[in-house]
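Engineer: Please see the structure below; I have some questions.
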Amino acid sequence: KQEVTQIPAALSVPEGENLVLNCSFTDSAIYNLQWFRQDPGKGLTSLLLIQSSQREQTSGRLNASLDKSSGRSTLYIAASQPGDSATYLCAVGGTASKLTFGTGTRLQVTL
Amino acid sequence: DAGVTQSPTHLIKTRGQQVTLRCSPKSGHDTVSWYQQALGQGPQFIFQYYEEEERQRGNFPDRFSGHQFPNYSSELNVNALLLGDSALYLCASSLWLGGPPSITGELFFGEGSRLTVL
């Protein structure tokens, strides 16, 4: 059974800092990995999708890496802004396109 | 280009009642998946529909059932509601790429339906 862990559970940083969010998974037989953002009480916004054959993906200030063999992914956010404050969820795509989610990292960027 | 739309956004029910939630997928998508997100937790996979058939199911009881219509929209039905069914129910749409086992492209989520069971 796939299990996804996200560390840290919560993080507070001052504006402008670069930061790294971590995700680990137990079963390396995955098709892809997605990072999502969730604002309080809202749905999920897809940030980055990494296919199992890829090592990383970049979108603007975001960079996600994937190391299947070690069961790890990281989401790097450069030059953080208060608008980045949200919960970030890592989800691993297995067979049947079923996503297994971690419990998320709650990020607060302060002025 | 409309994204994934869900209705209703909020609803309150009492124990034992039944509820129906609705989802319209993103334009061009043909596969719909449903997830349940309890407070403070990550979403849990309920089931996936493609070509009007349930293709995969997570660890949820038969009280949870669904349907997909020819226009790809979908409904989630929950019977005999329990207090523990209170959650945010998320619909995700994607494009079927092949299978079995089913492989779809990137998943796009709606804003969810917040269900409160009293």
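What follows is calculated from the coordinates using simple rules that are stated; it is not laboratory data. Quantities reported herein were computed from a predicted structural model and do not represent experimental measurements. Cβ: placed from backbone, ideal geometry, glycine included. Neighbour counts: every protein chain shown.
Engineer: Mind checking the range A:3-71 for chymotrypsin sites (Phe, Trp or Tyr not before Pro) that DSSP puts in a loop (not H, G, I, E or B) and that have at most 12 other Cβ atoms within 10 Å? Mind showing how you got there, number by number?
Structural biologist: On the way: sites: A:Phe25, A:Tyr31, A:Trp35, A:Phe36; in loops: A:Tyr31.
Counting only loop positions with at most 12 other Cβ atoms within 10 Å, none of the chymotrypsin sites (Phe, Trp or Tyr not before Pro) in the range A:3-71 qualifies.
Engineer: Sticking with this one: Starting at the first residue of the range A:22-29, write each ³J(HN,Hα) from the Karplus equation 6.51 cos²θ - 1.76 cosθ + 1.60 with θ = phi - 60°, in whole Hz, x for Gly and Pro.
Structural biologist: 10, 9, 10, 9, 8, 10, 7, 7
Engineer: Placing one identical point scatterer on every Cα of the protein assembly as shown and ignoring solvent, what is log10 I(q)/I(0) from the Debye formula at q = 0.08, 0.13, 0.18 Å⁻¹?
Structural biologist: -0.29, -0.76, -1.35
Engineer: While we're looking at this one, here's another question. Of A:Lys68/A:Lys98; A:Lys1/B:Lys26; A:Lys42/B:Lys26; A:Lys98/B:Lys26; A:Lys1/A:Lys98, which sit over 20 Å apart, Cα to Cα?
Structural biologist: Working: A:Lys68/A:Lys98 17 Å; A:Lys1/B:Lys26 30 Å; A:Lys42/B:Lys26 17 Å; A:Lys98/B:Lys26 18 Å; A:Lys1/A:Lys98 12 Å.
Table pairs above 20 Å Cα-Cα are A:Lys1/B:Lys26.
Engineer: Need the list of aspartates and glutamates near B:Lys13 for cross-linking: C-alpha distance under 13 angstrom, and skip anything on the same chain fewer than eight residues off.
Structural biologist: In chain and number order, the partners are B:Asp85.
Engineer: Using 5 Å bins from zero, what percent of all Cα-Cα pairs in chain B falls into each bin?
Structural biologist: Pair shares across the bins are 2, 12, 23, 26, 20, 10, 5, 1, 0.
Engineer: A:Ser85's amide H: which non-local residues (gap 5+, or another chain) put their own amide H closer than 5 Å, with H modeled 1.01 Å from N in plane and none for Pro or chain starts?
Structural biologist: Long-range HN contacts for A:Ser85: A:Val109.
Engineer: Compute the Rg/Rh shape ratio of chain A: radius of gyration over Kirkwood radius, all on alpha-carbon atoms.
Structural biologist: 0.96
Engineer: Among B:Thr5, A:Thr26, what is the fewest-to-most ranking by other Cβ atoms within 10 Å?
Structural biologist: The order, fewest Cβ neighbours first, is A:Thr26, B:Thr5.
Engineer: Using all Cα-Cα distances in the range B:1-47, what percent lands in each 5 angstrom bin from 0 up to the longest?
Structural biologist: Distribution as computed: 5, 15, 20, 26, 22, 8, 4, 1 percent.
Engineer: Quick one, can you get me the convex hull of the C-alpha atoms of the range A:68-111 expressed as volume per residue in Å³?
Structural biologist: In the range A:68-111, the Cα hull volume divided by residue count equals 90 Å³.
Engineer: Still on this structure, please answer the following. In sequence order, what are the phi-derived ³J(HN,Hα) couplings for the range B:12-27 according to the Karplus relation 6.51 cos²θ - 1.76 cosθ + 1.60 with θ = phi - 60°, rounded to whole Hz, with x for glycine and proline?
Structural biologist: Once θ is set to phi - 60°, the couplings for the range B:12-27 become 10, 10, 10, 3, x, 6, 10, 9, 10, 10, 10, 8, 10, x, 4, 4 Hz.
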